[in-house]
Amino acid sequence: MKRLATLGLVAVLSFLTGGWLLHREPTDQERLYEQARVLGTVLSVIHEHSLESADQNELFQNTARSLVGQLKDPYAELLMGDGYRQFSRQMSGTGELDSPQAHAGPNRPVRIPATSPGVMLNTTTGYVALHSLSDGSADELQTAVWALRKRGMRSLVLDLRNDPGGLIKQGVQVAELFLPKGDTIVITRGRTPEHSRIYVAASGEKWPDLGVVVLVNDGTASSAELVAGALQDHDRAAIIGLPTYGKGVLQTTYPLGGDMAIKLTTARWFTPSGRSINRPRTHADSLVADGRQTALVRGARYRTDAGRPLSDGKGIQPDRIVRRDGYTPDERAFLDSLGSSYAAFRVALADCAAAIKLQGEIASADFLVTPAMRERVRVELEARRLHISDRLFAAAASYVDRQLGYDIAREVFGDAAASRRRLLDDRQMGAALELIQHGSSEGDLIRLAESTTD
């Protein structure tokens, strides 16, 4: 009887209060669906009844953009139409042919190389630049390195400068080319198990006896930083250049159908030592601050396998800071004097290079640009009515020699020789070669990098 009386009381109260006593709290998923229903109703009412009603697709897209914009996620993005197609091509490492034949037929995607052609800088030192981490990047890099090994390479300069990153899978595969089986490469932590995992090297390193120097700068980002961080934490390579961008988060792209997708940050990633390299985008700290020295002074929370101190939160801090090349005041004055005639200056260089090739006097790719070659450029400029004072031209002699040297190397020996010559003039590359000249093992390279300053 008491139970019946209780049930009766609940029924009466439920009737008097509209039944809220019997309502359970909705789940988060149910709330989401209800809010989505309300939003859909709002859009429908606006479209059907508003005096200033916008196009339905435009209204939806603007609403979706606004929703994404409300997130405290600087990398969140609604991808639509051409933007989505371009993003997909970047991740797959493909582009489109730009030729009359391509325009005459159906769209023909072509593979865009993720690596530069391998270059031997000297008899034992090779160079490869990794431009992106799109599909197939790790395989391309492995092919390039093997080709250099066959040519006698014992030390490698791996250039990650201005590599914006790409796919985490490719970053992991690149790192494991240089790390022993079982080494941790990266740790990700997100809200779901899908986005929280530990990536380890699944196979043994390909070239355990290969000395490696990695070049980085403030354009090195995302999964390219992942590679540099893994090699630094495991003391596998000396890192040279400038502090990296500092993007220590991962994005996942969710297709929405109809050439539309949403890209969201779904996890943070950490180097093998456990440090985050994520640089707050509102933080105006200097990119050339020596973060590793700061870590030494303050007491580092993170260390490499060999015990070297590491800093966190400001990108990958190189083992040696080397600033990028810049023009001297005289070179800047020369370029300013050319102004809009710079293109004509380039044509004059090309014509001079072609004429010098015809003379047949260049026998080695390591040729020197002589004063007579430089004078030919000045005469060519005068013939084109580009009047540069003798003082200014003489002051910019080094710049003119470098540019003419690149063009002659390309004319006589091809693009690879021109690329090699340009690399040897690169200040950060010069620092890498200096290390390799005095040490071959990773331990030697790292120790030398830390003991020298820019």
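The values are calculated or read from the model by the stated rules, or taken from the named source; none is laboratory data. Quick caveat: nothing in here was measured; it's all calculated off a predicted structure. Positions of Cβ are backbone-derived with ideal geometry, glycine not excepted, and every protein chain shown enters the neighbour counts. Side chains included, ligands, DNA and RNA excluded: accessible areas come from the protein's heavy atoms. Shrake-Rupley method; radii C 1.70, N 1.55, O 1.52, S 1.80 Å.
Every condition in (1) farther than 19 Å from ARG422 by Cβ; (2) surrounded by fewer than 17 Cβ atoms within 10 Å (Cβ to Cβ) holds for TYR302 except the one numbered (2).
Among the residues of segment 321-341, how many are open to solvent by less than 80 Å² (accessible area, probe 1.4 Å) and either in contact with a Leu (Cβ under 8 Å, 6 or more places away or on another chain) or part of a helix (DSSP H, G or I) (or both)? Spell out how you get there, then give the answer.
Kept after step one, since they are open to solvent by less than 80 Å² (accessible area, probe 1.4 Å), are these residues of segment 321-341: 321-322, 326, 328, 330-331, 333-335, 337-339, 341.
Within this subset, residues satisfying the condition of being either in contact with a Leu (Cβ under 8 Å, 6 or more places away or on another chain) or part of a helix (DSSP H, G or I) (or both) are 321-322, 330-331, 333-335, 337-339, 341.
The number of residues fulfilling the criteria is 11.
Among residues of segment 252-280 that are of a type in the set (Asp, Glu), those with a Cβ under 7 angstrom from a residue that is surrounded by fewer than 19 Cβ atoms within 10 Å (Cβ to Cβ), sequence gap 6+ or separate chain, pair up as ASP259/MET80; ASP259/GLY81; ASP259/ARG85. The combined condition, being among the aromatic types (Phe, Trp, Tyr) and assigned to a helix (DSSP H, G or I), is fulfilled by PHE345. Quick check on segment 357-383: of everything there that is open to solvent by 90 Å² or more (accessible area, probe 1.4 Å) and not in a helix (DSSP H, G or I), which residue is nearest to ARG346 (Cα to Cα)? Ranking the qualifying residues of segment 357-383, first place goes to LEU368. For segment 125-154, taking the residues that are open to solvent by less than 30 Å² (accessible area, probe 1.4 Å) and assigned to a helix (DSSP H, G or I), the one that is farthest from ILE198 (Cα to Cα) is identified as LEU148. Applying a threshold of 7 Å to beta carbon distances and a minimum spacing of six or more residues, or different chains, the list of pairs starting in segment 24-46 at a residue that is without any contact (Cβ under 8 Å) to a residue 40 or more places away in the chain and within 21 Å of THR63 (Cβ to Cβ) and ending at one that is of a type in the set (A, V, I, L, M) and open to solvent by less than 70 Å² (accessible area, probe 1.4 Å) reads LEU43/LEU59; ILE46/LEU59.
Only one of the listed residues (SER66, SER44) is within 26 Å of GLY83 (Cα to Cα), of a type in the set (Gly, Ala, Ser) and modelled with pLDDT of 80 or more. That residue is SER66. Each residue in segment 193-216 was checked for being more than 18 Å from GLY439 (Cβ to Cβ), open to solvent by 10 Å² or more (accessible area, probe 1.4 Å) and touching a residue at least 12 places away in the same chain (Cβ under 8 Å), and 10 pass. Restricting segment 408-433 to residues that are in contact (Cβ under 8 Å) with a residue 12 or more places away in the chain and outside any helix (DSSP H, G or I) leaves a set whose member that is most open to solvent (accessible area, probe 1.4 Å) is ASP425.
Here is the figure for segment 384-400: residues that are under 17 Å from ALA353 (Cα atoms), surrounded by fewer than 18 Cβ atoms within 10 Å (Cβ to Cβ) and not polar (S, T, N, Q) total 3. Filtering segment 47-59 to residues that are open to solvent by 100 Å² or more (accessible area, probe 1.4 Å) and among the hydrophobic types (A, V, I, L, M, F, W, C) leaves only LEU51. Tell me, yes or no, whether segment 286-295 has at least one residue that is farther than 30 Å from ASN57 by Cα, acidic (Asp, Glu), surrounded by 14 or more Cβ atoms within 10 Å (Cβ to Cβ) and at pLDDT 95 or above. No, because not a single residue in segment 286-295 is farther than 30 Å from ASN57 by Cα, acidic (Asp, Glu), surrounded by 14 or more Cβ atoms within 10 Å (Cβ to Cβ) and at pLDDT 95 or above. Counting only strands (runs of 3 or more DSSP E) that sit completely within segment 234-279, those holding 3 or more residues that are β-branched (Val, Ile, Thr) and open to solvent by 10 Å² or more (accessible area, probe 1.4 Å) correspond to 249-255, 260-270.
Inspect all residues belonging to segment 342-356 and state whether any of them is over 21 Å from ALA383 (Cα atoms), out of contact with any His (no Cβ under 7 Å at 6 or more places or on another chain) and surrounded by 14 or more Cβ atoms within 10 Å (Cβ to Cβ).
No - not one qualifying residue is present in segment 342-356.
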